[in-house]
Amino acid sequence: MRRFPVTTFIIILAVIAAVSGWKLFAHTEHQRFVAVQRVLNSRSEVRLTYVIEHGTGPIAREIYAMQNIDGVSKASYTAFDRKGTKATFDEPIVGYGVTFLFQKLVQDGIWDLHTRQGRGPSTNIYAVTISQVADKSSGSHHFEFTDPHYLATTAGREYHIHLDPHKPVPDLLTLDSTATADPRYQQIVDDFDQFGPASFKRTVIAAREKLLRS
């Protein structure tokens with residue numbers, strides 16, 4: 001009587017299990033590898049520009065530009081005085097400062113804000129531009145505004161007149177109104193003003209002092 005080849009049978013089962021496991025996990029690992037390569041090879045760009053046109057004072061214009069391109073960040077600052085003298089510099093930004101600024105601006109509504117003008121005490125004009133590229137998707141947004149403190153705290157009210165065809169004149173005592181103050185404009189300015197490591201802020205101060213001495 002021939003004995004059943006138990007050892008051979010076990011070896012065959014082990015080989016089948018190994019092949020099946022390899023096929024199962026190889027597919028999963030391949031998908032993971034493809035996903036990682038897609039992220040590594042995809043474009044990632046964030047660009048931010050913040051411009052202040054000063055209505056008064058020795059400095060006429062300041063331009064802040066920040067960017068993060070495929071994980072490499074840098075920031076630049078340029079200022080002009082009333083005579084046209086220019087002071088400018090670029091600085092690499094180590095770490096995630098530009099990314100954190102971008103996230104904070106998005107959180108504070110930068111994509112939703114639009115050009116606004118108010119009659120506050122400040123004569124400065126602010127311009128903000130944001131653009132982003134993520135793989136094959138991209139978008140940009142630009143807006144300008146005046147006194148951010150006024151827009152954030154006062155900015156008046158907007159009245160809505162409802163004309164009733166059965167009344168000769170509108171009832172001015174029952175007008176609907178909406179507050180037009182929007183604190184997000186001040187938040188955006190604060191976000192830009194707070195950006196940067198200590199070295200960047202020191203260089204900005206030095207550039208301003210250079211213009212004041214010119």
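The values are calculated or read from the model by the stated rules, or taken from the named source; none is laboratory data. Model, not experiment: these values are computed from the prediction. We place every Cβ from the backbone using ideal geometry, glycine too, and count neighbours over all the protein chains shown.
To keep it simple, each residue is scored yes or no on (1) closer than 24 Å to PRO148 by Cβ; (2) outside any strand (DSSP E or B).
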{"residue": "TYR50", "(1), (2)": "yes, no"}
{"residue": "GLY55", "(1), (2)": "yes, yes"}
{"residue": "TYR64", "(1), (2)": "yes, no"}
{"residue": "GLN67", "(1), (2)": "yes, no"}
{"residue": "LYS74", "(1), (2)": "no, no"}
{"residue": "THR78", "(1), (2)": "yes, no"}
{"residue": "THR88", "(1), (2)": "no, no"}
{"residue": "ILE110", "(1), (2)": "yes, yes"}
*Pick from THR49, THR56: which is modelled with pLDDT under 95, assigned by TED's automatic domain parsing to the domain that holds PHE192 and polar (S, T, N, Q)?*
THR56
*Positions within the range 114-132 being surrounded by 15 or more Cβ atoms within 10 Å (Cβ to Cβ) and either assigned to a loop (DSSP other than H, G, I, E, B) or modelled with pLDDT of 95 or more (or both), in sequence order*: GLY118, GLY120, SER122, ASN124, ILE125, TYR126, ALA127, VAL128, THR129, ILE130, SER131, GLN132
*Members of the range 86-103 found to be surrounded by 15 or more Cβ atoms within 10 Å (Cβ to Cβ) and of a type in the set (Ser, Thr, Tyr), listed by number*: THR99
*Take the residues of the range 186-214 that are modelled with pLDDT of 95 or more and touching an Asp or Glu at 6+ places or on another chain (Cβ under 9 Å): which is surrounded by the fewest Cβ atoms within 10 Å (Cβ to Cβ)?*
ASP190
*Find the residue count for the range 185-203, including only residues that are more than 22 Å from GLU144 (Cβ to Cβ), part of a helix (DSSP H, G or I) and in contact (Cβ under 8 Å) with a residue 60 or more places away in the chain.*
3
_Residues satisfying the stated conditions in the range 167-184, i.e. part of a helix (DSSP H, G or I) and modelled with pLDDT of 90 or more_ = ARG184
*Taking VAL94 as the residue in question, decide whether it is under 24 Å from ILE69 (Cα atoms), in the same structural domain as ALA65 (by TED's automatic domain parsing) and at pLDDT 95 or above.*
no
*Residues in the range 104-113: is at least one of a type in the set (Phe, Trp, Tyr) and surrounded by 16 or more Cβ atoms within 10 Å (Cβ to Cβ)?*
no
